[in-house]
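Working notes, beginning with the structure itself.
The values are calculated or read from the model by the stated rules, or taken from the named source; none is laboratory data. As the structure is a prediction and not an experimental result, all values here were calculated from the model. Don't worry about glycine lacking a Cβ; one is built from the backbone with ideal geometry, like all the others, and counts go over all protein chains shown. Just the protein is used for accessible areas: all its heavy atoms, side chains included, with ligands, DNA and RNA removed. Shrake-Rupley method; radii C 1.70, N 1.55, O 1.52, S 1.80 Å.
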Amino acid sequence: MKNKEESSIDSTRGNFWSETPQSSSGDVTDETLGSLSRPGRTATAPIEQPALSDTPESLLETALSEANLEQARKNVKANRGAPGPDGITLREFPDWFRPRWPTIRQQLLDGTYRPGPVRRKSIDKPDGSGKRLLGIPNVLDRLIQQAIVQVLTPVFDPKFSESSFGFRPKRSAHGAAKQVQRIIRRGYRYCVDMDLSKFFDRVQHDILMSRVARKVHDRRLLRLIGNYLRAGVMVEGILQPTEEGTPQGGPASPLLANILLDDLDKELERRGLRFVRYADDFVIFTKSLRSAERVKASITRFLTSELRLVVNQEKSRIVASDEVEYLGFAFRGSRATIQVANKAIQKFKHRIRELTGRSRGISMERRLGELRTYVRGWMGYFALAAQLKLFARFDQWIRRRIRMCYWKRWRHVRTRRRELIALGVPRRQAIRHAKSRQSYWHMAKTIASGVGLTNRWLAEQGMLSLKSLWAELAPLRRTA
C-alpha cells in the first residue's frame, strides 16, 4: 500500500498543473495581479471549499490534502502572475515541483519549511495618487498560501460582517456600491471617508496573529503563517526584513486583512453605525454633521490604539453623501443614483488615448483586440452606472479615434484613395479626401460621413460599443 507521500506525488503525475498556463510573463499588470487589482476587478475567494477536518488541530493536513491542492492549483493558474524572486514561471513550475514536493510536504508537516522572500514591485494606484508596493511570492509559496486560504475561509468568513464586501465569496464591489446607495436612500446625509495610511505595509504581526489564533488552533499552521509574514522582501537583489505588514501580491494577504479589520467591523456594528467596507477602504454614514465629527474622532482612536494602524488625516474627510466617491462610483441626488466617478472617467479616457495613440507601431487587429479587452472589462465593472448618454458619447469619441488610426495608417494619398473606394466612397469624394491636408482628427470626422468608415464597418472589424454592452448587462442594475 502506498504511503501518504507516494499518494501525494502521484497526483502531480496526473493532471496537477497539466494544462498550459495562459501567461508566464514577468510583467506585472492588472491581469497578473489577479484578485488584488481594485477596483477594476471584483474577484472573490474560491467558493468551492474542501470539507474541513473535524479536529481544528489538523487544519494543516487538510490544507495539504490532494483535493485542496488541486483546487489551489486551479486558482493560482487562473490568477496567472509574474514569477517571484526565484524566477520560476507558471510554465516552468510543474517540472520543478514534481520531484521536490514529497520533501517540501514533509517539511511543512514537521514545521521546518521556510518560505522564500517576496519580490518587490511597485505599480500606480488606481486613483493616480502614488505607487502601491507589491510583494510577489514564488509560485510554490503562492500555491501553499492559496491552499491555506481555502481551509481558513470557511472558518472565518461566515462570521464576517454583512457590511464587508472585499475578497469574499459571492461578494463584490457591486454589492458594496449598492449598499452605499441603500444607506443614503434611508436618509444618511453625511459620510466619514476614512483612509488608512499604507495599511498592508503597516499591519502589526502580533496584533494580526492574535486575531488568527482566536479560531485557528493548529500551531504548525500558525507558525507557517507567521513565517510567511516574516519571510522578507527582495529589493533590487537585497533581502530586507519584514517586521510589519502583509505584502499585497500573495493569496493570503486579502484574507488576513479581513481577519484584522473584522474587529473594526464589529466595533462599528456594536455602535449601531451604518458602514460599508471593501478590504481597507471603508466609509461610515451618519444623519448629522456633528455625529460624523464624533464618529471620525472616536474611530480614529480605535484604529490607532486597538489595531495600531495609522489613519491618514489629510485624506480622511467628512463629506455630504452626494459627494461620496467610493470604489470608482459616485452617488448623486437624494436617490443616490449610481454614476461613474470623475476620477474613473479621467482614468478611462487616459487609457483609451493610450490604446488608440497614433504613434503605436502595432497592427489594427492587435489594437482593436486590446481595446475590446479593456472596454469589456471596464463596462462590466461600471455597468451599475445609470449614464447611457455618457456611454453613447464615449462610443462616438472612441470610434473617431479609431478612424483617426486608420487614416494615419493609410498614410499615402494613393493608399487612402484605394481604401476609401473599396469602402464604397464615390471616386471623386475619395480623391478629394485622400489629398486633404487637414489633421488626422479632422479627417476622422469627415470620412465618417456617407459611406466611409461607418459604425457598422467598425463593428465588423471587432469594435465593441459601450452602449450595447451596458444594455446587455441590465440584470446587474436590477437592485441598484
Just to be sure I understand, how many residues within the range 264-286 are out of contact with any helix residue (DSSP H, G or I) (no Cβ under 7 Å at 6 or more places or on another chain), open to solvent by 20 Å² or more (accessible area, probe 1.4 Å) and part of a helix (DSSP H, G or I)?
3
From Ile136, Ile148, Ile144, Ile184, residue being more than 30 Å from Asn68 (Cβ to Cβ) and among the hydrophobic types (A, V, I, L, M, F, W, C):
Ile184
Residue in the range 229-246 that is surrounded by the most Cβ atoms within 10 Å (Cβ to Cβ), counting only those that are on the phi < 0 side of the Ramachandran plot and of a type outside the set (A, V, I, L, M):
Thr246
Taking the condition under 17 Å from the mean Cα position of the chain (by Cα) and among the hydrophobic types (A, V, I, L, M, F, W, C), does Ile104 pass?
no
Considering the range 412-430 alone, what residues qualify as being part of a loop (DSSP other than H, G, I, E, B), among the small types (Gly, Ala, Ser) and open to solvent by less than 30 Å² (accessible area, probe 1.4 Å)?
none
Taking the range 393-411 as the search range and keeping residues that are open to solvent by 30 Å² or more (accessible area, probe 1.4 Å) and part of a helix (DSSP H, G or I), which one is farthest from Lys435 (Cα to Cα)?
Arg393
From the list Lys347, Lys389, which one is surrounded by 14 or more Cβ atoms within 10 Å (Cβ to Cβ) and either farther than 17 Å from Leu469 by Cβ or over 22 Å from the mean Cα position of the chain (by Cα) (or both)?
Lys347
Name the helices (runs of 4 or more DSSP H) wholly within the range 287-392 that hold at least 2 residues that are closer than 26 Å to Asp263 by Cα and touching a residue at least 24 places away in the same chain (Cβ under 8 Å)?
289-305
Does Val155 satisfy being within 26 Å of the chain's Cα centre (by Cα), farther than 21 Å from Leu260 by Cα and surrounded by 14 or more Cβ atoms within 10 Å (Cβ to Cβ)?
no
Scanning the range 119-156 for residues that are in contact (Cβ under 8 Å) with a residue 40 or more places away in the chain, over 20 Å from Lys77 (Cβ atoms) and in contact with a Lys or Arg (Cβ under 6 Å, 6 or more places away or on another chain) gives Ile123, Asp127, Arg132, Val155
Within the range 445-475, the count of residues that are crowded, with 16+ Cβ neighbours inside 10 Å and modelled with pLDDT of 85 or more comes to 10
Select, from Lys121, Lys77, the only residue that is open to solvent by 10 Å² or more (accessible area, probe 1.4 Å), closer than 24 Å to Pro169 by Cα and of a type in the set (Lys, Arg).
Lys77
Checking the conditions here, which among Gly361, Gly357, Gly333 is open to solvent by 20 Å² or more (accessible area, probe 1.4 Å), closer than 23 Å to Lys445 by Cα and at pLDDT below 95?
Gly361
Ala292 vs. criteria surrounded by 20 or more Cβ atoms within 10 Å (Cβ to Cβ) and touching an Asp or Glu at 6+ places or on another chain (Cβ under 7 Å):
no
Select, from His433, His442, the only residue that is open to solvent by 50 Å² or more (accessible area, probe 1.4 Å), more than 30 Å from Phe331 (Cα to Cα) and not polar (S, T, N, Q).
His442
Is it the case, given these coordinates, that Arg399 is out of contact with any His (no Cβ under 8 Å at 6 or more places or on another chain) and of a type in the set (D, E, K, R)?
yes
Among the numbered criteria (1) closer than 21 Å to Arg353 by Cβ; (2) surrounded by 19 or more Cβ atoms within 10 Å (Cβ to Cβ), which one does Arg372 miss?
(2)
